[in-house]
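Colleague: Let me begin by handing over the structure; questions about it come next.
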Amino acid sequence: MTEHAGADGGAAPPAVPAGTSLRARCRTAASNTLKGARDRSAWTRGRVLAVLALLTAGLLAFHRSVPNSVVRLGSLLESFLPWLGPVIVLLFGLALLRRSALALVALLLPVTAWTYLFGGLLLPGTASGTPDLVVVQHNVSDENADPAGTARTLADAAPDLIALEELVSPASAVYERVLAPEYPYHAVRGTVGLWSRHPLTGTRFLDIKPRDIEEPWSRALRTTVHTPSREVAVYVAHLPSVRVGTSGLASARRDESAERLGRAVAAETLGTVILLGDLNSTVEDRGLAPLTSRMNVAERGLAFSFPAALPLARIDQIMARSATVGRMRTLPPTGSDHLPVTAGITLDR
C-alpha cells in the first residue's frame, strides 16, 4: 500500500479503515492531533524558565558588567554569586515538572558558568605535600563572652599563625594568656593582632582608615615572620563593615580601605606576603580587586564564615603573594558571630 505524505511533508496519519463510523474517525483524528501537540510542546513550553536560565547564565558569566553606579548592584551580586547555584537547581526542578526540553537545554549554560567559577572550590585539596605554614583567621567579635574558649578552639587546629580582629579589653589579655604557651610571639596594634610560633620583628601599625572617619581607628598591622625557610611579611586587617539598605550596598569605606591596603601590599619589599583578615567581602566582589589582583586566593573550599549561625558568605580571607593558599575550611563555632577559617600556605620555591 502506498504511503501518502502529509501537508507538512511528513508521513500522513494512519489511514482509517473503510466503513469506520464518523465518530470513530473524529476520535482517531483528535488522538493524532494531540500526540503531535505533545511532541511539539516539549520544545515550546517552559519559555519563561528558559529565559530565566539564560538570565542566570548571563549574571554568572558577565557579573563584572553589572554596574556599580546604581546602589552598588554589581558588588551586591558578587557578594552572593555562589548562591545562584541553588537558583539553577530550582529552575532544573521546575523544568522537569513542566517537562520542558527547551528549559533543560537552556540550563546547560548556567550550569557550565557556575561550574567554571565555583566547581573547583568543591573539589578535594590537591596532594602537594605538607604546607610550609598553617594559618587561622578569625574575627573574634568584641561581644565574645568566652574568649578563653575561643582561644582554645583556635589553638586546637595547631596553626603556625593566628590572626585576630575585634580585640578589646579585657578579652585581649585573655587571648594573650591562653595562647602564650604555644604561641610565644605576638603583636597587637589597635584591634587586630597576630600570634605566632615563629619570631616577629618590624611590627608596625598600618593606616588604612577611610578619609571620612575622624575618631581613632586602628585596624591593620604589618609584621615580619621569621619562618624556618625565609622571612615572610604578614598583614592583618579588618576592613570597614558594609550594610545593605534601601539605598543598596554601602561599601564605599570598605572599598577605600581595600585600595589603601592594596597599595601597601604592592609596596612591600619582601617577596612573600600573607594577608589575613576580615575583609567584609567575598573574593568575587570587585571591591577587593586592589587585593585579589595582586594576591593568590584559595582555589579549594567554600568556607562560608558569616554569619556563624547560618553562614552565607566567606568574608574572612586568607591571601598570599609568592605562595599558594591551600584548601580553606572553617573551624568549629566560637563565641563570635564569625566562624574561624584555616588553610595551609605553601611558599614558592
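The values are calculated or read from the model by the stated rules, or taken from the named source; none is laboratory data. All figures in this text were calculated on a predicted structure; none of them were measured in a lab. Ideal geometry is used to build each Cβ from the backbone, glycine not excepted, and the neighbour counts take in all protein chains shown. Surface accessibility is based on the protein's heavy atoms, side chains included, excluding ligands, DNA and RNA. Shrake-Rupley method; radii C 1.70, N 1.55, O 1.52, S 1.80 Å.
Colleague: Go through segment 95-169 and name the trypsin sites (Lys or Arg not before Pro) that are in a DSSP coil and have 15 or fewer other Cβ atoms within 10 Å of their Cβ.
Modeller: Arg99
Colleague: Next question. Name the long-range amide H neighbours of Val140: under 5 Å, sequence gap of 5 or more, or other chain; modelled H, no Pro or chain starts.
Modeller: Under 5 Å from the amide H of Val140: Glu165.
Colleague: Something else now. Is the shape of the chain best called rounded, prolate or oblate, per the rule: a/c under 1.5 gives rounded, else a/b larger than b/c gives prolate, else oblate, with a ≥ b ≥ c the square roots of the Cα gyration tensor eigenvalues?
Modeller: Cα axes put the chain in the prolate bin.
Colleague: For segment 271-277, what does the Karplus curve 6.51 cos²θ - 1.76 cosθ + 1.60, with θ = phi - 60°, yield as ³J(HN,Hα) per residue in whole Hz, taken in order and with x for Gly and Pro?
Modeller: Here the 3J(HN,Hα) series is x, 9, 10, 10, 10, 10, x Hz.
Colleague: Largest first, what is the accessible-area ranking of Phe62, Phe306, Phe92 with a 1.4 Å probe?
Modeller: Phe62, Phe92, Phe306
Colleague: Still on this structure, I have one more. Taking only protein heavy atoms and a 1.4 Å probe, what accessible area per residue, in Å², does segment 282-349 have with all protein chains in place?
Modeller: Per residue, segment 282-349 has an accessible area of 38 Å².
Colleague: Using a 7 Å offset from Cα along Cα-Cβ at Thr115, what residues in segment 75-107 end up with backbone N under 15 Å from the label point?
Modeller: 85, 88-89, 105-107
Colleague: If you take the charge dipole of the chain about its Cα centre, with +1 on Lys and Arg Cβ and -1 on Asp and Glu Cβ, which of Ala237, Leu91, Pro307 is farthest toward its positive end?
Modeller: Toward the positive end, the furthest listed residue is Leu91.
Colleague: Report Glu166's accessible area, 1.4 Å probe, all protein chains in place, as a number in Å² to the nearest 10.
Modeller: 50
Colleague: Let me ask something else. Once every DSSP H run of n ≥ 4 in the chain is given -39500 (n - 2.57) and the sum is divided by its residues, what mean residue ellipticity at 222 nm do you get, rounded to the nearest 500 deg cm²/dmol?
Modeller: Result for the chain, helices only: -10000 deg cm²/dmol.
Colleague: How far apart, in nanometres, would the label points at Asp212 and Asp146 be if each is projected 7 angstrom from Cα along the Cα-to-Cβ direction?
Modeller: Between Asp212 and Asp146, the simple spin-label model gives 3.9 nm.
Colleague: In terms of modelled amide H atoms, which long-range or inter-chain residues lie less than 5 Å from the amide H of Tyr185?
Modeller: Ser196
Colleague: Summing +1 for each Lys or Arg and -1 for each Asp or Glu, what net charge is found among the other residues whose Cβ lies under 13 Å from the Cβ of Gly202?
Modeller: Computed value for this residue: +1.
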